[in-house]
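In what follows, a structure is listed as structure tokens, so that the remarks can point back to it.
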Amino acid sequence: MKASVVIPSYRRFQPLINTIKNLQKQTYSDFEIIVVDQNSAWTEDFHDSLAEIRKDSRVIWLNQENPEVVTARNTAVRHAQGEIIIFVDDDVEIPDQDFIRKHVSNYQDPSIHVVIGRERQKGFNSSQLLAEEPHDSPELNYLEKLSPLQQTLWFDRDSDWRTPVCTFSTCNGSIRKKTFLAVNGFDENFQGNSYGDDYDLILRLHKLGYKSIYDPSVWLIHLRVPMGGLRMSDLKNRVSYSRTSTGFWLFLLRHRTPDMVWHLFYNHVLRKTVFLKVNLMHPWRQVVVVPGVILGFFRAWTLLNKGPQSCFKSS
């Protein structure tokens, strides 16, 4: 099976180059790397590295003028030739040269449609993980007690145990392309510096009966680079709170359950806007933030009944 590795990138120049170089060392023979470059320009310091990378016929370089990460991922999938789509962030290290092979091997089981990999943090013993073999979970009773929404939000993606679970992450996750297209991909109503589009995708797939599995043997290191990407704490990242909070509200309105409304309101709306540390430290920003959050609610309410929209499905 051919695999397509998708990497949208914004203002993470050296981390992106390092991520691509890791992928170029993979042992799996049949894959491509699709980069969606959302930068207006690269400084001269990186030109030689870029030229070297782009000599690799496996690297497909797409340019997107306006930074919109959800649109970027959907655009990459439109160009993808692989049966399996692997999403990774542009600030990860992939020491395991069998990373792609391990993702793809899960799909030998035709009942598996989505794979969630392990996200490690900097500073752990990687040699131990390289030696580990995948193993199935014991009785994970706590998962059975959680609703699909709670599994999506609360499952520990650094767990030791292989297990079916309803969650997804575009930092390290893969999906059959035909499964992705069955729900028209990511919802492009999640705009700007928006989080939750991957959670929204897996919950929509779960409702249709698609099976997802967490495989800790498919691991990488998430560096969490503080600049660029979706980082709302990076003051150089321009944030439209009305557009960004629309996705937060839309996730709440679409997937809320009575017992989770307040959790979603606090953790997935307020903590990413009004209570965001950078906004609390610069309280004058609230003059823009609060009206943006209110406007985002009304935008989300309007969009709710229209359903997910993407380049695979127009209004």
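The table that follows gives values for the structure above.
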{"read-out": "Relative contact order [Cα under 8 Å, 6+ residues apart], the chain, whole percent", "value": "20"}
{"read-out": "The chain - Rg and Dmax from Cα coordinates, angstrom", "value": "19.1, 55"}
{"read-out": "Projected area averaged over orientations for region 241-304, convex hull of C-alpha atoms, nm²", "value": "3.8"}
{"read-out": "Given 55/177; 21/178; 102/145; 2/145, the pairs whose alpha carbons are separated by over 32 Å", "value": "2/145"}
{"read-out": "Exposure proxy ranking, count of Cβ atoms within 10 Å, fewest first, for 111, 174, 147", "value": "111, 147, 174"}
{"read-out": "Exposure proxy ranking, count of Cβ atoms within 10 Å, fewest first, for 48, 187", "value": "48, 187"}
{"read-out": "Taking 241, 10 and counting other C-beta atoms within 10 Å, the order from fewest to most", "value": "10, 241"}
{"read-out": "Interchain or long-range residues, amide H under 5 Å from residue 163's placed H", "value": "214"}
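Read-outs throughout are calculated quantities, based only on the coordinates presented, and are distinct from any laboratory measurement. Because the structure is a prediction, the values reported are computed rather than measured. Don't worry about glycine lacking a Cβ; one is built from the backbone with ideal geometry, like all the others, and counts go over all protein chains shown.
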